[in-house]
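Below is one structure, written out as structure tokens; comments come after it.
The values are calculated or read from the model by the stated rules, or taken from the named source; none is laboratory data. A quick note: this is a predicted structure, and the numbers were derived from the prediction, not measured. When we count neighbours, we look across all protein chains shown, and the Cβ atoms used for this are built from the backbone with ideal geometry, even at glycine.
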Amino acid sequence: MKVVGFVGSPRKKGNTTAIVTEVLRGASEAGAETKIFNLNELGIRGCQACYKCQTPEGKCVQTDGMAPLYDEIFSADAIVIGTPVFMFQITGQTKTFIDRLFALLYLKDGQPGAFRNKIRGKKAVTVYSQGQPETGLFASSFDLHEGVLGFLGFKVEGRIAAGGMANLDSAKSSQDIMDKAYATGAELAK
């Protein structure tokens, strides 16, 4: 079992990273191999709408920080995508990563519908950290994000929405959030 985490936060040691790391710790202690990537550090460019990814390999032709992540996704049994909430939504770093997952969608006669077998049914967990204490306030944005993952073929098995993350160490001092993250990771590795 391999679980790969992707963090779309500009803060390398922020709340989102702490929660995703705890999910991965739970998975690791349940026997999974784990890796984590900080999307902000990878220099991932936006999709260029060239459609050159629409080949059986399912990889974008851009040679930036996204290039090695396709193989990480293909070799993973599950992924964890974590993002802070900026302006009611996922961060720009996370959105760019999600846009580049278009390469995983194989269009048939110009219409979506044929998905790459390399990702169909892979498990996914999403993590959202926000300063706003009310975790349901941005749920429609989370639903949209997870809908895209489901459309691509991932099986979204869990969501962690951490509210009240106003300080850099809020997550680490929230036992409930860290316990949920650990348990989610352990369950993901089953």
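For the stretch 137-190, residues that are closer than 14 Å to Ile19 by Cα, under 17 Å from the mean Cα position of the chain (by Cα) and not in a helix (DSSP H, G or I) total 5. Residues of the stretch 52-88 that are without any contact (Cβ under 8 Å) to a residue 12 or more places away in the chain and under 15 Å from Asp99 (Cα atoms): Lys52, Val61, Ala67.
For first residues located in the stretch 124-153 and hydroxyl-bearing (Ser, Thr, Tyr), partners that are assigned to a loop (DSSP other than H, G, I, E, B) and lie 6+ apart or on another chain with Cβ distances below 6 Å form the pairs Ser129/Met165; Thr135/Gly163; Ser141/Phe88.
Among the residues of the stretch 34-60, those identified as surrounded by 13 or more Cβ atoms within 10 Å (Cβ to Cβ) and hydrophobic (A, V, I, L, M, F, W, C) are Ile36, Phe37, Leu39, Leu42, Ile44, Cys47, Cys53, Cys60. Here Gly121 passes the criteria (1) modelled with pLDDT of 95 or more; (2) in a loop (DSSP other than H, G, I, E, B); (3) in contact with a strand residue (DSSP E or B) (Cβ under 6 Å, 6 or more places away or on another chain) except the one numbered (1). Here Gly164, Gly158 are screened, and the one residue that is in contact with a helix residue (DSSP H, G or I) (Cβ under 6 Å, 6 or more places away or on another chain) and among the small types (Gly, Ala, Ser) is Gly158. For the stretch 1-34, a residue qualifies if it is closer than 14 Å to Ala186 by Cα and either assigned to a loop (DSSP other than H, G, I, E, B) or among the polar types (S, T, N, Q) (or both), and the qualifying residues are Met1, Thr21, Ser28, Ala30, Gly31, Ala32, Thr34. Residues that are aliphatic (A, V, I, L, M) and part of a strand (DSSP E or B) were ranked within the stretch 35-92; the one that is nearest to Thr135 (Cα to Cα) is Val85.
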